[in-house]
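Participant: I am attaching a structure below and will ask some questions about it afterwards.
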Amino acid sequence: MQTTTPLLLTPAQVAAELGVGRSTVYELFASRALRSVKIGSARRVRSADLRAYVEGLS
């Protein structure tokens, strides 16, 4: 069975993927190092934006 990557990730999911805490994810949002979208009052990260962030790390 093939699993699909969700289009949008919660900050908790992003934190788990990166191996950091949620507060670090929110710091990345604030510094604009990691792009996010706002849906109502919720923050979400596009899978492609998370991938681009990781690929840009050196």
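Participant: Quick check on my filter: what residues within the stretch 1-12 are within 13 Å of Asp49 (Cβ to Cβ), open to solvent by 40 Å² or more (accessible area, probe 1.4 Å) and not hydroxyl-bearing (Ser, Thr, Tyr)?
Facilitator: Here is the first cut: in the stretch 1-12, the ones within 13 Å of Asp49 (Cβ to Cβ) are 5-9, 11.
Pick out the ones that are also open to solvent by 40 Å² or more (accessible area, probe 1.4 Å) and you get 5-8.
The answer is Pro6, Leu7, Leu8.
Participant: Sticking with this structure for a sec: Being more than 20 Å from Thr4 (Cα to Cα) and touching a helix residue (DSSP H, G or I) at 6+ places or on another chain (Cβ under 8 Å) is the filter here, so list the residues in the stretch 37-47 that pass it.
Facilitator: Arg43 - this is the single residue of the stretch 37-47 that is more than 20 Å from Thr4 (Cα to Cα) and touching a helix residue (DSSP H, G or I) at 6+ places or on another chain (Cβ under 8 Å).
Participant: Name every residue in the stretch 14-42 that is of a type in the set (S, T, N, Q) and surrounded by fewer than 17 Cβ atoms within 10 Å (Cβ to Cβ), in order of residue number.
Facilitator: The first filter runs over the stretch 14-42 and keeps only residues of a type in the set (S, T, N, Q), leaving 23-24, 31, 36, 41.
Answer for the stretch 14-42, where residues must be of a type in the set (S, T, N, Q) and surrounded by fewer than 17 Cβ atoms within 10 Å (Cβ to Cβ): Ser23, Thr24, Ser31, Ser41.
Participant: If you don't mind, there's one more thing I want to ask. Does Val45 satisfy being within 8 Å of the chain's Cα centre (by Cα) and either on the phi < 0 side of the Ramachandran plot or open to solvent by 40 Å² or more (accessible area, probe 1.4 Å) (or both)?
Facilitator: Criteria met by Val45.
The values are calculated or read from the model by the stated rules, or taken from the named source; none is laboratory data. Values in this document were obtained by computation on a predicted structure and should not be read as measured data. Here the Cβ is made from the backbone with ideal geometry for all residues, glycine too, and neighbour counts use every protein chain on show. Side chains are part of the model used for accessible areas, which takes the heavy atoms of the whole protein and leaves out ligands, DNA and RNA. Shrake-Rupley method; radii C 1.70, N 1.55, O 1.52, S 1.80 Å.
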